[in-house]
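The structure appears right after this line, and notes come after that.
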């Protein structure tokens, strides 16, 4: 079982329970649930309201003290974008400066395919950025494919995403979940317990894994290609007789069945990624640790654990496949021309001997390699051509995106299939991304103690002043006790962050798609989806399967 408690994912296995419970984010302190910043602002306002009139000894001093106290109260308590104003003000100010200076728009330096930038992923020779601000510092590195991933000469190199800004390496693998909805409840609980074991594997104190996550890109799938294939393989006119007439009737019936099923057909690309921090690696036998080797080892463990949990895991993705995923999520209209995109990327990487295989390969499939030295894709060739960041949306090439974050998970008891309406039947193109960071045992104990003190303090204050005790506080103490018992039993905690990116061809379609997705999420009990105002470009980059996570100001309050 994987249950989220107080801004953390509490991993435990409870197959005897038929439901799961997800609690709210961990925020606030012992004093009425106020955060440290709110306490500082309240104290500053109170001190200013007292000291300013005392020192000025005039009506103007009294007015000034009250104004300062009012400003502190507004910063501490007034919401903006679903968060207190003091947390939302810095990104709002940054966006206003970018807007005023014209840096909210970005265009790629051209031509892209005639040379390599002087500083890969940072700036080209002319000094302009070769990647947009939200993707700056990313590189796609080719690594020789090990034997467990298909052999060194059988497939293209494994692609690793290096984040120069964070100093991390990320490996990506395509995964399919199988027929989870068709399983009986006992088998579903077993699958969830298997995923809990996957998470527990990477929560060790000595693990170099800093975070892992998954990105599910979904879109309604057109059946034009399948119908064209059907027409090409059905030639009843060339024959005559009962067999030909029977075949024609069967084909007509099948086409009608396909037409009826077309609205419910969708494409799902699920990619799981794992991030390794080389700074956590220890030296062995006097030599520096190999970060790429550690990333591949973590990816192998992840794949083995996922297969044990009943998932279908493909070989690790190559640089070309990662670049293709970036292109598709940036602008879904390139799906129709994906064969040409694959050919261009393959020519750039030197894989000219496998263009036929690239044309016939499906998304997430295997790509033969023709040269051990080939396969390097500069991130600039996988990135977008133009980005325009707006207050509530971002335009990437020919598509508009709006990113929401799940501010509150459902608090009621849930069954294993509670998220199916949002996952299986997307009314539009959308991406659901979840980032998880393992919490060390020491930090978990500190948080449990802090949560216990906070709950006790809030209950004591409310009882002493005859305030009503809300429902979540009434059961919060028991939940903390359960977290502590599960922690002593050997289970681990994860911090988490969920982002939902909605895509449209223009702003009108984007607004309509957002309304449809919000209604669909409400069917699952997710009623607090809040747009990430003033940070849409950075949030969109975090939905890509690249291991990039939001900056600390975006993470604060969501992943703690």
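The values are calculated or read from the model by the stated rules, or taken from the named source; none is laboratory data. Predicted model, so just to flag it, every value in this text is computed and none were measured. Don't worry about glycine lacking a Cβ; one is built from the backbone with ideal geometry, like all the others, and counts go over all protein chains shown.
Test residue 419 against the criterion of being farther than 30 Å from residue 100 by Cα, modelled with pLDDT of 85 or more and surrounded by 19 or more Cβ atoms within 10 Å (Cβ to Cβ), and give yes or no. It is false that residue 419 is farther than 30 Å from residue 100 by Cα, modelled with pLDDT of 85 or more and surrounded by 19 or more Cβ atoms within 10 Å (Cβ to Cβ). Selection of segment 504-553 for residues being in a loop (DSSP other than H, G, I, E, B), touching a helix residue (DSSP H, G or I) at 6+ places or on another chain (Cβ under 6 Å) and surrounded by fewer than 19 Cβ atoms within 10 Å (Cβ to Cβ) yields only 524. If a residue has to be closer than 30 Å to residue 385 by Cα and at pLDDT 75 or above to count, how many in segment 146-158 make the cut? The qualifying residues number 3. The numbered conditions (1) touching a helix residue (DSSP H, G or I) at 6+ places or on another chain (Cβ under 8 Å); (2) closer than 25 Å to residue 540 by Cβ; (3) modelled with pLDDT of 80 or more are all true for residue 434 except (1). Beta carbons closer than 6 Å, at least 6 apart along the sequence or on distinct chains, pair a first residue in segment 517-539 that is over 25 Å from residue 137 (Cβ atoms) with a second that is surrounded by fewer than 17 Cβ atoms within 10 Å (Cβ to Cβ) and modelled with pLDDT of 90 or more for 529/518; 531/392.
Of the residues making up segment 313-323, not one is over 30 Å from residue 131 (Cα atoms) and more than 20 Å from the chain's Cα centre (by Cα).
Taking only segment 40-84 into account, find how many residues are under 29 Å from residue 529 (Cβ atoms), part of a helix (DSSP H, G or I) and out of contact with any strand residue (DSSP E or B) (no Cβ under 7 Å at 6 or more places or on another chain).
Going through segment 40-84, the residues under 29 Å from residue 529 (Cβ atoms) turn out to be 41, 73-84.
From the residues that got through so far, the ones that are part of a helix (DSSP H, G or I) too are 41, 73-77.
Cutting the leftovers down to out of contact with any strand residue (DSSP E or B) (no Cβ under 7 Å at 6 or more places or on another chain) gives us 41, 73-75.
The total comes to 4.
Quick check: anything in segment 90-99 in contact with a helix residue (DSSP H, G or I) (Cβ under 8 Å, 6 or more places away or on another chain), in a helix (DSSP H, G or I) and at pLDDT 80 or above?
First, the residues of segment 90-99 that are in contact with a helix residue (DSSP H, G or I) (Cβ under 8 Å, 6 or more places away or on another chain): 90-91.
After this cut, where a residue has to be in a helix (DSSP H, G or I) as well, the list is 90-91.
In the following step, the residues that additionally are at pLDDT 80 or above were identified as 90-91.
So far as segment 90-99 goes, yes, one or more of its residues are in contact with a helix residue (DSSP H, G or I) (Cβ under 8 Å, 6 or more places away or on another chain), in a helix (DSSP H, G or I) and at pLDDT 80 or above.
Where helices (runs of 4 or more DSSP H) sit wholly within segment 407-503, those with at least 3 residues that are under 25 Å from residue 194 (Cβ atoms), in contact (Cβ under 8 Å) with a residue 60 or more places away in the chain and touching a strand residue (DSSP E or B) at 6+ places or on another chain (Cβ under 9 Å) occupy 420-424, 471-488.
Which members of segment 458-469 meet the condition of being modelled with pLDDT under 80 and surrounded by 15 or more Cβ atoms within 10 Å (Cβ to Cβ)? Within segment 458-469, just 458 meets the criteria. Looking across segment 170-192, the residues that are out of contact with any strand residue (DSSP E or B) (no Cβ under 7 Å at 6 or more places or on another chain) and at pLDDT 80 or above come down to 183, 184, 185, 186, 187, 188, 189, 190, 191.
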